[in-house]
Every structure is written in C-alpha cells, then in structure tokens.
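**Student:** For reference, the structure I am asking about is given below.
The values are calculated or read from the model by the stated rules, or taken from the named source; none is laboratory data. Worth saying up front: this structure is predicted, and the values here are computed from it rather than measured. Every residue, glycine as well, gets a Cβ built from its backbone with ideal geometry; the counts of neighbours run over all protein chains shown. Calculation scope for accessible area: heavy atoms of the full protein, side chains included, ligands and nucleic acids excluded. Shrake-Rupley method; radii C 1.70, N 1.55, O 1.52, S 1.80 Å.
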Amino acid sequence: MPIPSSPTSVEANFHTDPVTDKLEALARTVYTSGALNNHFYELWTSGRLTPRQIAVFARNYGEFNRAFPEVLAVMISSTRNVCAQAEYAKTLYSEMGYGNPGKVHSVLFDSWLVELGERLGIGQGFKWIEIEREVNVLPETYALIEGEKRLYGGDNAAGAGAQLALEWQAYTMLRKLYDGAALYKPLWDAEDAFHESCEYFYAHIGATEKEHKVESLQAARQFATSESSLKRVEEGFNEHLQMFEDFWNAIAREINSTRPH
Ligand SMILES: [Fe+2]
C-alpha cells in the first residue's frame, strides 16, 4: 500500500460487493483523519529530535507495539467466525515474525532503536530496558491499548471496525515513521548499513501491511451483515481512529515539553 495521495483500489483482482465497497470507502477516510494528520508526525518528519525526545516517542510507541499481539489474540479469542479468525491469525503470525523470534516486529523495532542510539553517541542508552526505566508511559498510550482490548473483546462488528481502522492507517503511519527515521541516515557511516538497521520499517512498508489491509476488509465483511452491524463497524472504526489521534498528539505535547539537552 503506497497509498497516500492517490490511493487506488486495494487489489485490482479483489472483487467487491456493495457492502465491501462501503467498508472500503469507510476505510479510506483514515487518510484525512487526525490519526494520520497530527502534531506528532509534523514534529517527527520536520527535523531531528534530541535523544530524550526520541525516547518519549520510543517508550510510548514501543509499548503500543508490544501490546499489539496481545490485542490481536483478544480479537481471535472473541469470535467463533472461522473466516475472521483465520484472517486475524494471519496478521498475528506476520506480527510475530512468521514464527521467528528474531523477526518479531517489536524486536525489529528495538534493534533499530538501539542502533539509532549508538549513532547518536549514547551507547546502549536506547536499549528497551533503559527506555522503560527512564520514560513514563502516557495515559493516552494506555487508553489506546486498553481501548483496543475493549473494542476487540466486545461486539464483533465494532472490533472488526477497530481493526479496519488500525490496518488502513498502518501503512501511512509506518511510512511517516520511516520518513522521520531517515532524517538520521547521515549518522550511519555507510548507507547500506542504515537500510540494514531499518528492517522494522521495511517489514511494514513492503507487502505485509498491504495484505493486512485486505485481510481486515475481509474480516469486517464477515460481520457487516445488517444495517445495525454495519453501523457498529463504523463506530468501532471511528473510535479507534480517535484513540490514535489522541495518542499521537499526547506524544507530541510531551516531546514539546521535553527540553532539549
Ligand atoms: Fe507490525
């Protein structure tokens, strides 16, 4: 999904029905939402931050990252719809590095972070254990994680809507995070080494997130079987996007209040 400016249909060969069309139209509203247009992305992509400010981002995003497999597991265990379970299981499997612990997404994120810290001259200062000790998690981060578990663990249609929001904003989220990370590229001696450090981002802006988009649309379709269930999909979708907007803006506020040193 290199989507942003002129998103095209998810898959040329993905035949849709009217309800899927409605769901896809809903999904595309992520691009104009505050979840993807917020103060954090402006800060992150407009210039380099100090190590302390980066740590604020890393602590909160890292917490969200770590909780994501748990959140997906809640979703799988909250439905008996086999098709939806299979779709969510695929997403979880890729999130968990296709069974390779070294490729679990939170592990890849931690690796990038440690290498960035080294290039910034703070040694192992960005090891997760250090970040965890040094920076507090913001209430909005817990609200996002707990809100996801509540949405995913409750009504199936609302949960599917929440997942639709997550997966459709994910590609642009990761692309923007990568754009900001690329501002630090000159700190690496060799350009190839920088790209090797960025495996976390490439795992998302490659095929993976594209597949998750289709999977989340297919899963939502399983539950959008009536006017009222379609409405609940929309509610779960919008609530989740709002939580993302609050999460990112809270991180931006905290970064702005963190004095450079
Ligand atoms: Fe991921």
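**Student:** Do we have S226 as of a type in the set (S, T, N, Q) and free of Cβ contacts under 8 Å to residues at least 60 places away in the same chain here?
**Tutor:** In short, yes.
**Student:** List the helices (runs of 4 or more DSSP H) inside the range 1-85, counting only whole elements, that have at least 2 residues being at pLDDT below 95 and either among the aliphatic types (A, V, I, L, M) or open to solvent by 10 Å² or more (accessible area, probe 1.4 Å) (or both).
**Tutor:** Hits in the range 1-85: 18-28, 51-77.
**Student:** Would you be able to say whether some residue in the range 189-196 is buried (at least 18 other Cβ atoms within 10 Å of the Cβ), touching a residue at least 60 places away in the same chain (Cβ under 8 Å) and of a type outside the set (D, E)? Outline the logic, then answer.
**Tutor:** Kept after step one, since they are buried (at least 18 other Cβ atoms within 10 Å of the Cβ), are these residues of the range 189-196: 194.
Okay, now just the ones that are also touching a residue at least 60 places away in the same chain (Cβ under 8 Å), so none.
Checking the range 189-196: not a single residue is buried (at least 18 other Cβ atoms within 10 Å of the Cβ), touching a residue at least 60 places away in the same chain (Cβ under 8 Å) and of a type outside the set (D, E).
**Student:** Just to be sure before I move on: is L177 farther than 24 Å from L113 by Cβ and in contact (Cβ under 8 Å) with a residue 24 or more places away in the chain in the structure I sent?
**Tutor:** Numbers: farther than 24 Å from L113 by Cβ: no; in contact (Cβ under 8 Å) with a residue 24 or more places away in the chain: yes.
No, not satisfied.
**Student:** Taking the criterion of being out of contact with any helix residue (DSSP H, G or I) (no Cβ under 8 Å at 6 or more places or on another chain), open to solvent by 30 Å² or more (accessible area, probe 1.4 Å) and part of a helix (DSSP H, G or I), would at least one residue in the range 213-226 satisfy it?
**Tutor:** No, because not a single residue in the range 213-226 is out of contact with any helix residue (DSSP H, G or I) (no Cβ under 8 Å at 6 or more places or on another chain), open to solvent by 30 Å² or more (accessible area, probe 1.4 Å) and part of a helix (DSSP H, G or I).
**Student:** Report whether or not A181 is at negative phi, under 16 Å from the mean Cα position of the chain (by Cα) and away from the ligand (no atom under 13 Å from the Cβ). Write out each step before concluding.
**Tutor:** On the way: at negative phi: yes; under 16 Å from the mean Cα position of the chain (by Cα): yes; away from the ligand (no atom under 13 Å from the Cβ): yes.
So A181 fits the description; yes.
**Student:** T258 fails exactly one of the following numbered conditions: (1) assigned to a helix (DSSP H, G or I); (2) closer than 24 Å to N136 by Cβ. What is the number of that condition?
**Tutor:** Here T258 clears every test but (1).
**Student:** Output the residue which, of all residues in the range 202-244 that are over 15 Å from D17 (Cα atoms) and among the polar types (S, T, N, Q), is modelled with the lowest pLDDT.
**Tutor:** That would be T208.
**Student:** Still on this structure, I have one more. Kindly check whether there is at least one residue in the range 89-108 that is without any contact (Cβ under 8 Å) to a residue 40 or more places away in the chain, small (G, A, S) and open to solvent by less than 20 Å² (accessible area, probe 1.4 Å).
**Tutor:** Yes, because at least one residue in the range 89-108 is without any contact (Cβ under 8 Å) to a residue 40 or more places away in the chain, small (G, A, S) and open to solvent by less than 20 Å² (accessible area, probe 1.4 Å).
**Student:** Here is a follow-up. If you go through the range 91-104, how many residues are farther than 15 Å from S197 by Cβ and within 11 Å of the ligand (Cβ to nearest atom)?
**Tutor:** Here is the first cut: in the range 91-104, the residues farther than 15 Å from S197 by Cβ are 91-101, 104.
From what is left, the residues that are within 11 Å of the ligand (Cβ to nearest atom) are 91-92, 94-97, 104.
So the answer is 7.
**Student:** Among (1) within 13 Å of the ligand (Cβ to nearest atom); (2) at pLDDT 95 or above, where does R119 come up short?
**Tutor:** The failed condition is (1).
**Student:** Of all residues in the range 138-183, how many are among the aromatic types (F, W, Y) and surrounded by 22 or more Cβ atoms within 10 Å (Cβ to Cβ)?
**Tutor:** Of the residues in that region, 3 qualify.
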